[in-house]
Amino acid sequence: MKMLTKILSLIVLTSLFLSCASSPSLQKYYIDNESNDNFVSFDIPASVINLKESISEEDREVLESFEKLNILAFVKSESNAAQYKVESQKVKAIIKDSKYQELIRVKDKGRNFVLKYEGDESDTTVDEFVIYVAEKSKGFALIRVLGDNMEPEKMVKLMNQIKNLNSDEMKKLEGVFKNMNFS
């Protein structure tokens, strides 16, 4: 009996290890590339969002459901064009995973925009949004909006309330998007 228990435990541990190692994740991709010279990487916590003092209780709840943005951008140049193609394919493969549900896809004049979320279609709340923006001549940006039980329609409403984003992180973000001509 002890031998059977050991064998079953070994099988379970091996299958868990193999299942985790076999599928790449956005988190692992961020970690693997945040120090890569081809990428610009930074996080923006919810605390940098300064709202007017008189926001509604509903807006306050929405803000509390938002935790942070993770931004990873590949800035393409002549010297890294081959690497751009490889990295772009990796990201596309990761976000094609069935755990991400597509909300919006736009292709226009060589630019691509994809908005996905992690969750079940029957859920009304989301814990992660994934935004992929690419332009072949400039590069791509991968943005993760992380939170807890975020409601998409309320998040859009809250975005209209955001004011005074004068942090260093926001200035970096504006610079990245200006350089990539995404804004």
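Some points to look at:
- Working from label points 7 Å from Cα in the Cα-to-Cβ sense, the GLU58 to GLN83 distance is 4.7 nm.
- Here the Karplus relation 6.51 cos²θ - 1.76 cosθ + 1.60, evaluated at θ = phi - 60°, turns the backbone of segment 129-135 into coupling constants of 9, 10, 10, 10, 10, 9, 9 Hz, with x for every Gly and Pro.
- Amide hydrogen proximity for LYS76: with H placed 1.01 Å from N in the peptide plane, the residues at 5 or more positions away or on another chain lying under 5 Å are GLY139, PHE140.
- Residue pairs exceeding 27 angstrom between C-alpha atoms, taken from LYS116/LYS138; LYS28/LYS136; LYS28/LYS109: LYS28/LYS109.
- For GLU151, distant residues with modelled amide H under 5 Å away: VAL126
- Summing charges over neighbours of ASN36, with a neighbour being any other residue whose Cβ is under 14 Å away from its Cβ, gives -1 when K and R count +1 and D and E count -1.
Here, each number is a calculation from the coordinates, and none is a lab measurement. Remember, it's a predicted structure, so these values are computed and weren't measured experimentally. Counting neighbours? That spans all protein chains shown, and the Cβs are built from the backbone with ideal geometry, glycine included.
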